[in-house]
Amino acid sequence: MTETKRIVVVGGGMVAHRFTEAMRDRDADGQHHITVLGEEPRAPYDRVALTSYFTGKDPEELSLGTPELWDDPRVTLHRDALVTRIDREAREVEDGAGRRFPYDHLVMATGSYAWSPPMEGADLPGVFVYRTIDDVAALRLYVEARAKELRRPVRGAVIGGGLLGLEAAGALQGLGATSTVIQFADRLMNLQVDEGGGHALSRLIENLGVSVRCNTATQAIKPDKSGRAGRLTFADGGEMLVDVVIFATGVRPRDELGREAGLAMGERGGVVVDDTCLTDDPAISAIGEVACIQGACIGLIAPGNTMAEIAVDRLLGGQSTFPGADTSAKLKLLGVDVASFGDAFAQTPGALELVYADPVAGVYKKLVLTDDARTLLGGILVGDASAYASLRPMVGSDLGEDPAAWLLPEGSGERPSVELPDEANVCSCNNVSAGAIRCAVTDEGCTDIAGVKACTKAGTSCGSCLPLVKKIMGTELEKAGIEVSNALCEHFDMSRAQLFSAIQVSELRTFSEIIERFGVGRGCDLCKPAIASILASLYNEHVLAQDRAALQDTNDRVMANMQKDGTYSVVPRVPGGEILPEHLILIGQIAQDYGLYTKITGGQRIDLFGARLEQLPSIWKRLVDAGMESGHAYGKSLRTVKSCVGSTWCRYGVQDSVGMAIALELRYRGLRSPHKLKLGVSGCARECAEARGKDVGVIATDKGWNIYVGGNGGFTPKHAQLLVEDVDGATVFQVIDRYLMYYIRTADRLQRTAPWQEEHEGGLEAIREVIMEDSLGICADLDEHMARHIDSYEDEWKAVLNDPERLAQFTSFVNAPDQPDPSLAYVEQRGQRRPATASERESGAVLIAPSTLEVRS
Amino acid sequence: MTTTASAPTDQATRVLVCAYDRLTPDLGVAALIGDTQVALFRLADGSVHAVQNLCPFSGASVLSRGITGTRGDVPTIASPIYKQVFSLIDGTCLVTMDKEPQAGIAPDLVVHPVTVDNGQVYIDLAGGP
Ligand SMILES: Cc1cc2nc3c(=O)[nH]c(=O)nc-3n(C[C@H](O)[C@H](O)[C@H](O)COP(=O)(O)OP(=O)(O)OC[C@H]3O[C@@H](n4cnc5c(N)ncnc54)[C@H](O)[C@@H]3O)c2cc1C
Ligand code: SF4
């Protein structure tokens, strides 16, 4: 047996994660055991997405690495483990608790710390930095507490107008504080953008309500009466009142361990490494922000990940070297696009600059080209960075005859289409070239974006390259003669979305006409329910109308949920979870009379299990007679709108969440969709209704309602993302009307809102443009369609009860309509019945057979 | 008129189930013959098929409530519980959905001969392929 090498990684940040993941992926024989020692109390997380903590993301959602990675027997992760010493002689590191960890190879991945200038008042309460989850959590608590005390908006200031400073300013705004960015340099983001870009950026940022003060040197932070940060003083004699201050004045490498261990240090700090990421001790590597590589420490994630890959490769005997850092960046700060790439400041001799600026729209774009105006060297995009994904990989390539075409606004004429060279770097976060993506398609047989992502890791970090990855993949598939198949099944070549518009335009209303016109054969269990759902979405006719019953999926066919033994569950609608006592009593009475198992559902209503097919009409008759209606618990349709109790009773509520939930549930009841739809409404930010776990979550604010979309529970849970803020009730309806209708029209078969939203070209941003700015010109149509749905709603159970022909379908046996299914068998459990298991049937333990469960009706 | 979908049935052992008109195209019904449950389908082309009602993969008697369709030229029925697809011609399970049948139950269905005679549908449990 070969010996296992012990690798110790100091620091549990982003680059440590990448190192561990790459080693586990590539060390096929399991030759290396990795111990990660991290100071923070949590597993590595996505620091780049730190600000999303304020838009309600859970810290867990930021975690990097699957649970399997950290559970792998060849990986040990110690949290709360601050390494205090490296003993190079003994090849051991020691942590603050005195634990010692011997290593064969040590990897330093300690990152950076947020640096604040030595300034009077920098240690006052109310002064923060912005680097870790703990930092932002503390900031949030402080701002929320101050807001309560002060009873006016908290005044926030950010010192530093770079990338981080703007993120922090956005975070303050998100917390309801005012925010002012104080920048020493003459423009914002002076490291990434030139003067023109800086001005465009200032204008855009100010439009969003963030004040900007450039050319301003902060001198001191003065305390208020309570000893907390209260006032800033500036070198020019000016002053400003503040309640909270964030330093975003840059980072410094956390190189103290290396310094004490006597490793070579960079001039401006950082542990010096060569192009293979080794320090001057061959048993120690350094990667990420702590490493001083090619003379500098780099504060970006992409080069850090590259270093992690190189260190792994070298440990496994590979030959890779650091290619030089790509310092390109595309950011979305407060919703404003900023990108810079390549030689953004035109430092190449003879370089030409091509500038397009639209001050009114707040757009500034610059391309830097070689002296013959053909080869792209770099560029800056502010306000509209849609061309970034295509342009960045083109650096060093010929842009063709008319480079200016690349600067025109999106949609004004075709962007030139140029085939990227294989070596062009498409995903800079994970260093994936165009060639690697082509290879994933041609050699690895990937045929969809999920496959390419899994195979190459392209687009798995910041995601800005996804549109380009998609395009390259599509072209390659086409070349290989592989049709990108969205076909519904063997009977229809079209995707659900295509079929939806085909049916809509042709105005066909029966399955036989539709399959004759657009498909082949007789259909199957895949296309029939899909078409039934489309017809229901389009016309809102009864699910059992005309030839539809035979098309419906299991549950819709009898308007109840089939359970494992073939019996059904019955769920009457309880809008918003508000229920009259007499309805509660009726439900209990029915359960007793029919011996049904009862359970409260997650959607705030009551489920009655164990009803036989032939019992459904009589049960529903009693419910309908008492004024209850179908809850559509069986449909791919609106299920429930869950709500908290809201301002009518709750001490904290700011809006009537129950009233809103009922209005929404009555508005969308019966709406058929590609998959089930769940909504939630909370009466304040405490979010007791867990609305962000729903397809649409509505959360009350002091000023109105925030709408979140695309949350799903289930297999891959997702929190809903913010769509609009502080809108009034009428707008809530309009926005949700359009969101749902657009989803219904364009999603795939059985695709829930979260993946739909993710895979939609341009993501949520593009969806927002469709429904808020009418970028496709379909809003009137969506509105009208939803209005039609609302007007034509009828309770489907009531309709069936009035129709003897359809009632005939609710019989157990065509030749013995009153005989219950003799194979049903139940046992008692906790005072109710449940289906008997196979062994219980065999052992004769069955207590209750269907014939003994007779009905009083 | 006589429409047969499978082998002709024996006049002596066949059992009358219902009138042909009681069957809606593509909408199955269950029939109870002695203790045996049968799933009965009239397809759009007018043919009538009968298979066991017991779904091998769930152990529930539900196939009559599945969706009819075709795979290639073969008429099929999909189980409403876990969506396995079976041939209505010979009962073969065409799509298992990566599941195993319940212990002691074969994955393929028993097919019962059906005759339509004078507008009446008969099933022959004794007969069979
Ligand atoms: C708000 C924000 C936004 C950002 N946005 C972007 C962006 O858009 N694009 C981009 O490219 N980059 C961005 N960055 C930078 C990016 O996050 C860093 O480049 C990246 O996290 C560096 O990874 P790392 O592993 O080297 O360091 P880190 O992620 O900082 O990890 C280092 C870890 O080591 C731990 N540690 C330090 N010393 C010790 C010790 N002695 N013992 C044990 N543990 C120790 C630290 O606690 C830390 O957890 C952003 C950073 C922030 C804060
Ligand atoms: S979300 Fe707010 S209003 Fe609703 S119950 Fe919770 S605290 Fe009360």
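The values are calculated or read from the model by the stated rules, or taken from the named source; none is laboratory data. Everything numeric here is computed off the predicted structure, so don't read it as measured data. Using ideal geometry, Cβ is built from the backbone for each residue, glycine included, and neighbour counts are taken over all protein chains shown.
General remarks:
- Among the residues making up region A:210-228, those that are closer than 15 Å to A:Thr180 by Cα and among the hydroxyl-bearing types (Ser, Thr, Tyr) are A:Ser211, A:Thr216, A:Thr218.
- Residue count, region B:57-83 (criterion: surrounded by 17 or more Cβ atoms within 10 Å (Cβ to Cβ) and more than 10 Å from every other protein chain (Cβ to nearest Cβ)): 1
- Selection count, region A:654-678, where residues are within 15 Å of ligand 2 (Cβ to nearest atom) and buried (at least 22 other Cβ atoms within 10 Å of the Cβ): 5
- When residues of region A:720-731 are limited to those that are surrounded by 22 or more Cβ atoms within 10 Å (Cβ to Cβ) and touching a Gly at 6+ places or on another chain (Cβ under 8 Å), the one nearest to A:Glu687 (Cα to Cα): A:Ala720
- Residues of region A:7-22 that turn out to be within 6 Å of ligand 1 (Cβ to nearest atom) and of a type in the set (A, V, I, L, M, F, W, C), as a count: 4
- Looking at A:Thr35, A:Thr51, just one residue is more than 14 Å from every other protein chain (Cβ to nearest Cβ), away from ligand 2 (no atom under 16 Å from the Cβ), polar (S, T, N, Q) and in contact with a strand residue (DSSP E or B) (Cβ under 7 Å, 6 or more places away or on another chain), and that residue is A:Thr35.
- Search result, residues across region A:427-473 that are modelled with pLDDT under 80, aliphatic (A, V, I, L, M) and crowded, with 19+ Cβ neighbours inside 10 Å: A:Leu466, A:Leu468
- Whichever residue in region A:541-568 is part of a helix (DSSP H, G or I) and of a type in the set (D, E, K, R) and, among such residues, is farthest from the other protein chains (Cβ to nearest Cβ): A:Asp556
- Looking across region A:625-653, the residues that are surrounded by 21 or more Cβ atoms within 10 Å (Cβ to Cβ) and within 16 Å of ligand 2 (Cβ to nearest atom) come down to A:Val641, A:Lys642, A:Ser643, A:Cys644, A:Gly646.
- Of all residues making up region A:754-772, the number that are under 13 Å from the mean Cα position of the chain (by Cα) and part of a helix (DSSP H, G or I): 9
- Residues being of a type in the set (Gly, Ala, Ser) and either in a strand (DSSP E or B) or facing chain A (nearest Cβ under 8 Å) (or both) - total across region B:84-93: 1
- Selection status of A:Ala808, within 14 Å of another protein chain (Cβ to nearest Cβ) and either modelled with pLDDT under 90 or closer than 22 Å to A:Lys678 by Cβ (or both): yes
- The residues of region B:94-111 that are within 17 Å of the chain's Cα centre (by Cα) and more than 14 Å from chain A (Cβ to nearest Cβ), listed by number, are B:Ala106, B:Pro107, B:Asp108, B:Leu109, B:Val110, B:Val111.
- Applying the condition of being within 27 Å of A:Asp625 (Cβ to Cβ) and either away from every other protein chain (no Cβ under 11 Å) or in contact (Cβ under 8 Å) with a residue 24 or more places away in the chain (or both) to region A:811-823 and asking which residue is surrounded by the fewest Cβ atoms within 10 Å (Cβ to Cβ) yields A:Asp818.
- Among residues of region A:148-169, those that are part of a helix (DSSP H, G or I) and over 16 Å from A:Val245 (Cβ atoms), counted: 3
- Only residues that are buried (at least 18 other Cβ atoms within 10 Å of the Cβ), small (Gly, Ala, Ser) and modelled with pLDDT of 90 or more were counted in region A:87-121, giving 5.
- Top-ranked residue of region A:278-321 - restricted to ones that are away from ligand 1 (no atom under 12 Å from the Cβ) and among the hydroxyl-bearing types (Ser, Thr, Tyr), ranked as farthest from the chain's Cα centre (by Cα): A:Thr279
- Matching residues in region A:556-584 - criterion: being buried (at least 21 other Cβ atoms within 10 Å of the Cβ) and within 21 Å of B:Ala30 (Cα to Cα): A:Asp556, A:Arg557, A:Val558, A:Met559, A:Ala560, A:Met562, A:Asp565, A:Gly566, A:Thr567, A:Tyr568, A:Ser569
- Selection count, region A:504-518, where residues are buried (at least 21 other Cβ atoms within 10 Å of the Cβ) and more than 10 Å from every other protein chain (Cβ to nearest Cβ): 1
- Breaking point among (1) crowded, with 17+ Cβ neighbours inside 10 Å; (2) within 14 Å of chain A (Cβ to nearest Cβ); (3) modelled with pLDDT of 90 or more, for B:Leu125: (3)
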